[in-house]
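What follows is one structure encoded as structure tokens, with my remarks underneath.
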There are 2 protein chains.
Amino acid sequence: MIDNAVSAAERAFEEYAELSTLKVAAFLDQIAEEIVGLGDSLIKTACEETALTADRLNGERTRTVNQLRLFATVARDGTWKDVRIEPALPDRKPLRRPDLRRTLIPIGPVAVWAASNFPLAFSVAGGDTASALAAGCPVILKAHPGHPKTSELVARAIGQAVNACGLPAGVFSMVEGASPEISLALVRHPVVKAGAFTGSLRAGRALFDAASARPEPIPFFAEMGSVNPVFLLPEGLAERHESIAEGLAQSVNLGVGQFCTCPGLAIGVASGDFDRFAAVLRSRFASTTTGKMLTPAITAAYCNAVSKIGTIGDIRVTTGVGDAPLPTLFETSAQTFLANRELHHEVFGPTAILIRCDSRDGVEQVARALEGSLTATLHGTEGDLRAHAFLLKILTRKVGRIIFNGYPTGVEVGSAMQHGGPYPSTTDPRFTSVGTAAIVRFARPICYQDFPAEFLPPEIR
Amino acid sequence: MIDNAVSAAERAFEEYAELSTLKVAAFLDQIAEEIVGLGDSLIKTACEETALTADRLNGERTRTVNQLRLFATVARDGTWKDVRIEPALPDRKPLRRPDLRRTLIPIGPVAVWAASNFPLAFSVAGGDTASALAAGCPVILKAHPGHPKTSELVARAIGQAVNACGLPAGVFSMVEGASPEISLALVRHPVVKAGAFTGSLRAGRALFDAASARPEPIPFFAEMGSVNPVFLLPEGLAERHESIAEGLAQSVNLGVGQFCTCPGLAIGVASGDFDRFAAVLRSRFASTTTGKMLTPAITAAYCNAVSKIGTIGDIRVTTGVGDAPLPTLFETSAQTFLANRELHHEVFGPTAILIRCDSRDGVEQVARALEGSLTATLHGTEGDLRAHAFLLKILTRKVGRIIFNGYPTGVEVGSAMQHGGPYPSTTDPRFTSVGTAAIVRFARPICYQDFPAEFLPPEIR
């Protein structure tokens, strides 16, 4: 089933890897054009398949198109190749130093797994596809079964860009199917030289394991979401407990909690301000009506996880209004949190756990116990930060992005973004899947020694 | 057994990770000083343990000391952190852009496995140790059992540098033992956040597998050597068959063939010049007396591998003079090479296979069949390169460094070096273990969002 796609990618690689950066950039821009050209039919189809609103999908299309154009500028600019040139030193003793020139070349055909929660921006023509294509790698895209018609539309748009740019067809292929065997066959195929995935820990880890166990292991970047803890510092709560609670409730419930950066834990020291904060947060959750989740399976998994957590010890539960899935706020103590590892894992959906600690020590203990996350957030004053220097230090060891007085949802797509953190948020915290630095996942260095300029890649001539 | 070392590394990390880059650099320089201070006793001890000559070991000490000083300059300079700053755009619509600042932070305690073949430059205070320490990571060094006293001396020198610089003792620890269980326990220890290894494919792969199968997988960079093919192009042979044969015989036999970049294959098209080249190569091998290998186990493995290859089909064998290990040149056809996968693997020691092809197509077929290597070399004229553009293209897909009219042995330690190629030469071709770029193996990005300057790492303030 995947053989045609993979063979075509292999054949296309020879030509695509040597394509000028201007042509790669033009191809990415053309994909963006073709997606814009799909017009309302794209939004309509995605609405029908995903239960996301047209507003949200319009915004996501803008992001998708912007990402493609951003990676076009990255390809055109070329500085991401980290060129290093050391000219020959013919008279060096005891030995001449040769001429050494290092650049980056594409790693080979890349398999990309589309995400359910970003049917456009992290799906067929999403960030992983854009960054792999920008690096010079053909892409074999495993579509998400949650939005097949949307995927088909976008794949056709890419196909038109391939034709318009006169590229070999295998530069982009899409494979479909819900069975794990297809994904495993893809990650194990010898032609595939890297993988990128956004989704659940279980699926991401299974694919990472298969990638690592191959006769030739390949890099596999899985972004698997995380709990994204939010720390509520005392002066911050004293100054603005209400607005922080408001913002947090919004961030948790944004897009029915279906973002990898959805904050799943909020932690602070018990106090009058903390109680007032908790009361506002509770009331916000109690009055929130949430929308439909992406798929029935995701709704079922959410309801199941939330009902399990509700049975643990002394946990207090506040739910929103309407039908399932209900927004759900849990409240518990540091002791209960520390004693129950199941509270440490992400629950995908509109839910968070508010953890009340006895002291700053308790907060630090909770922070130390956390698994790796994409983000951590601190709400407070500069005085709070000074008083919590050690907490800040703990958190930098745990996450890829750390936010002061903001919310983790809303991930900027730029050059300074880091969307990747210690396991289990990703399989390799040295890389990002969002932002321009995502491109280096799909390239490897090569050093030319003493080659005449004519035979060198243009950037190191 | 390893618990003390690992716990000490974990404690040391908190302080060492925050150390100023100037102090990290001073520490590396101090290690270099202490190693210089060991004087002749170091060379004498290493000579006794490794059978390497004093000349070679003196050169290797120079390289070791230079590597430490080079990484001190890398740490001091700081540009390796690839700082990216995107200031806030408060008026952006629909949403304000936050202030985003990205830098690199140390990944955590690093386990390093010393190599047998570089008792100084890729051992206790070798390139992996220097780059991990420069990145801000404590090192737990697994000593190679081939040179325990040398390791002890260098570890003591590092210990003195730790004291002289007032650093916590756990910044560097050494563990010893020949049993694979020690290595496995080390790579599986939850405190260890990355691994670096130089050695055999079997050991490297076993450790990589253990690193990938951990509950929290960690990056594991294994450099496992390779066949380093050399291509003999027709005009090159016509112009200088004798000097190329001379240089190749020297490169194969350098250091008793115990370099990861030792050329193990030489490939060309049958011709009168090729015959003359082969005759010179044969006569050089026949007159070469090789030295002792590093250990009796390595000698035994070499003799065993060489005698097995000698039994294959129509292979012609030329050996050197003296006692085992004998330098050994094999000659065979492209057909035999392509039909026998066992000829495609590295044999560690002073041996090479000369492959005679019927045509340029045959050469390309051999090139396509090759496994990943650290290097490939082409000998020829610019006219040859023009006529062999497709061969060059094949080779860039196979290796990390490509050499024109030179020899792969003699690896420059600079900014443009790439010492890492597709599997099985390494476990991740996106990284290098030699040269300044080796440092990024041990760091990961972190993005600070909207933080006041006071709380940022100095380089992104």
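Here are a few things to note about the model shown:
- For region B:1-41: rounded, prolate or oblate by the Cα gyration tensor [a/c cutoff 1.5]: oblate
- Peptide B:82-91 shows a mean partner chain C-beta count of 2 within 10 Å per residue C-beta.
- Cα-based helix-to-principal-axis angle, B:296-310 vs chain B, degrees rounded to 10: 40 degrees
- Computed on region A:327-418, with alpha-carbon pairs under 8 angstrom and 6+ residues apart, the relative contact order is 26 percent.
- Per residue, the Cα convex hull of the protein assembly as shown amounts to 153 Å³.
- Over chain A, relative contact order from alpha-carbon pairs under 8 Å, at least 6 apart, %: 18 percent
- Temperature 10 °C, viscosity 1.306 mPa s: under these conditions the Stokes-Einstein estimate for region B:366-461, based on its Kirkwood radius over C-alpha pairs, is 99 µm² per second.
- Rounded to the nearest Hz, the phi-derived 3J(HN,Hα) couplings of region A:206-217 under the Karplus curve 6.51 cos²θ - 1.76 cosθ + 1.60 (θ = phi - 60°) are 4, 6, 4, 4, 5, 5, 6, 8, 4, x, 9, x, where x marks glycine and proline.
- Taking amide H atoms as placed 1.01 Å from N in the peptide plane, the amide H of A:Leu265 lies under 5 Å from those of A:Val230, A:Ile353, each 5 or more residues away in sequence or on another chain.
- Scaling the Cα radius of gyration of region B:204-254 by the globular reference 2.2 N^0.38 Å produces a ratio of 2.00.
- C-alpha long axis of helix B:360-369 to longest principal axis of chain B, angle in °: 40 degrees
- Among the lysines of chain A, pairs at least eight places apart or on separate chains and with Cα atoms under 30 Å apart come to 17.
- Minimum Cβ-to-axis distance in chain B for the rotation onto chain A, with residue, whole Å: B:Ser212, 2
- One compactness figure for region B:229-404 is 0.96, namely its Cα radius of gyration divided by 2.2 N^0.38 Å.
- About the Cα centre, charge dipole magnitude for region A:325-461 (Lys/Arg +1, Asp/Glu -1 at Cβ), debye: 160 debye
- Kirkwood Rh and Cα Rg combined as Rg/Rh, region B:184-295: 1.20
- Helix A:21-37 vs. chain A, principal-axis angle (Cα, 0 to 90°, nearest 10): 50 degrees
- Charge dipole (debye, nearest 20) of region A:229-404; +1 at Cβ of Lys and Arg, -1 at Cβ of Asp and Glu: 360 debye
- In summary, region B:53-121 shows an alpha-carbon radius of gyration equal to 1.94 times the 2.2 N^0.38 Å reference for compact globular proteins.
- Beta bridges assigned by DSSP with both partners in the protein assembly as shown are antiparallel in approximately 25 percent of cases.
- Counting Cβ atoms of other protein chains within 10 Å of each residue's Cβ and taking the mean over peptide B:434-444 gives 3.
- Take each residue of peptide B:454-460, count the partner chain Cβ atoms within 10 Å of its Cβ, and average: the result is 2.
- In Å, descending, principal axis extents of the Cα set of chain B: 73, 61, 38
- Short-range pairs are left out: with C-alpha atoms under 8 Å and at least six residues apart, the relative contact order of region B:229-404 is 29 percent.
- Peptides A:219-228, A:265-274 ranked from most to least packed give A:219-228, A:265-274, packing being the mean of other C-beta atoms within 10 angstrom over each peptide's residues.
- Of all DSSP bridge pairs formed entirely within chain B, close to 30 percent run antiparallel.
- Among B:Ile403, A:Ile43, sorting on how many other beta-carbon atoms sit within 10 Å of each Cβ, with the fewest leading, yields A:Ile43, B:Ile403.
- Basic side chains Lys and Arg get +1 at the Cβ, acidic Asp and Glu get -1 at the Cβ, and with that the dipole of chain B about its Cα centre reaches some 800 debye.
- DSSP-defined beta bridges in region A:212-362 - what % are antiparallel, rounded to 5: 20 percent
Just so you know, all these numbers are worked out from the coordinates, no wet-lab data involved. If you're wondering where the values come from, they're calculated on a predicted model, not measured in any experiment. Positions of Cβ are generated from backbone atoms using ideal geometry, with glycine treated the same way; all protein chains shown enter the neighbour counts.
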